[in-house]
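A short worksheet on the structure shown next.
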Amino acid sequence: MQTETLRAIIEIAFPLILIMDPLGNLPTCLSMLKEFSPSRQRKILFRELLFALGIIILFMYLGAGLMKMLNIHQSTLRIAGGVILFIISMKMVFPQPDKLKISAEKDPFIVPIAVPLFAGPSLLAAVMVYGSKGNADATVLSGVMLAWSVCFGIMMIGPTLASFLGKRGLRACERLMGLILILLSVQMLEDGIEFYIRNVLSK
C-alpha cells in the first residue's frame, strides 16, 4: 500500500516538476536578479517560490468548485490543459531569444517569478485537473510538495548550478524536459478526449 502511494505521489510530482521547469527558468531568474548578491537572490527566490506554492495549493483545492460554478467539464479542462502544455513544451524545445525583458534593478514581487514562471497557466491547469478528479487529498498535496521541493532545491543552488552546466548545458536540459513534456501533453489530450466520449457523449 505504501509502495502504491509513493508511486502515485511520484506520478503526480514528475510532470509538475517538468512544467515548473526550474532548469529552464533558472537563467531568466538569475538575469533578473543579477544586481543582487547571491544571498539576496536566494531570499528573493525563496519568497517567490512560497507565493507560487500558495497559489498552486489554492487552485488545487478550489479547482473542482470553480469548474462546477462555471459549468466546465473535466474533459474541457484536460483538453485545454493539454493544449497549454503542448504550447509551453514547444517553447522549451524551440526557445525564443528573449523569454522575458524585466529590469534587473527592481525586486520582482510575485510577478514574473512566482507567476507566471512557476505558477503559470499550464501548472495551474494541471493541479486543477488533479483537484477536479475528487482526489485533492494528502497524496496529491504530497505530490505538489515534492515537486515544489525539487524546484526549490534547484533554485537555491542556482548560481552554482548555472556556472557548472553553462548556458549550453541548461539549454540542453530544458529541451530534454520539453520533449518529455510534449509526450505528457499529448497524453493529457488523449485522456480529455476519452473522458469526453465516455462521460459526456454517452449521456
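The values are calculated or read from the model by the stated rules, or taken from the named source; none is laboratory data. Everything numeric in this text was worked out from a predicted model, so none of it was measured. Reconstructed Cβ throughout: ideal geometry from the backbone, glycine too, with neighbour counts over all protein chains shown. Heads up: the accessible areas ignore ligands, DNA and RNA and are worked out on the full protein's heavy atoms, side chains in. Shrake-Rupley method; radii C 1.70, N 1.55, O 1.52, S 1.80 Å.
Worth pointing out:
- Enumeration of residues in the stretch 149-203 that are under 18 Å from residue 88 (Cβ atoms), modelled with pLDDT under 80 and among the basic types (Lys, Arg): 171
Let's see how each residue does on (1) in contact with a strand residue (DSSP E or B) (Cβ under 7 Å, 6 or more places away or on another chain); (2) modelled with pLDDT under 80; (3) within 30 Å of residue 189 (Cα to Cα):
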site: 16; (1), (2), (3): no, no, yes
site: 21; (1), (2), (3): no, no, yes
site: 36; (1), (2), (3): no, no, no
site: 41; (1), (2), (3): no, no, no
site: 78; (1), (2), (3): no, yes, yes
site: 90; (1), (2), (3): no, no, yes
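- Remark: pairs (first residue in the stretch 110-134, in contact (Cβ under 8 Å) with a residue 24 or more places away in the chain and over 18 Å from residue 66 (Cα atoms); second residue open to solvent by 20 Å² or more (accessible area, probe 1.4 Å) and assigned to a helix (DSSP H, G or I); Cβ separation under 6 Å; 6+ apart in sequence or on different chains) = 110/51; 114/51.
- Test: residue in the stretch 151-161 that is within 19 Å of residue 82 (Cβ to Cβ) and touching a residue at least 60 places away in the same chain (Cβ under 8 Å): no
- Screening 30, 18, 23, 50 for residues that are assigned to a helix (DSSP H, G or I) and open to solvent by 60 Å² or more (accessible area, probe 1.4 Å) leaves exactly one candidate, 50.
- Selection from the stretch 63-83 of residues that are open to solvent by less than 60 Å² (accessible area, probe 1.4 Å) and not polar (S, T, N, Q): 63, 64, 65, 67, 77, 78, 79, 80, 81, 82
- Residues that are of a type in the set (Val, Ile, Thr) and either closer than 23 Å to residue 92 by Cβ or free of Cβ contacts under 8 Å to residues at least 24 places away in the same chain (or both), drawn from the stretch 1-59: 3, 10, 12, 17, 19, 28, 55, 56
- In the stretch 166-187, residue surrounded by the most Cβ atoms within 10 Å (Cβ to Cβ) [restricted to those that are more than 24 Å from residue 124 (Cβ to Cβ) and touching a residue at least 60 places away in the same chain (Cβ under 8 Å)]: 170
This table checks each residue for (1) among the hydroxyl-bearing types (Ser, Thr, Tyr); (2) open to solvent by 90 Å² or more (accessible area, probe 1.4 Å); (3) modelled with pLDDT under 80.
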| residue | (1), (2), (3) |
| --- | --- |
| 58 | no, yes, no |
| 61 | yes, yes, no |
| 85 | no, no, yes |
| 98 | no, yes, yes |
| 101 | no, yes, yes |
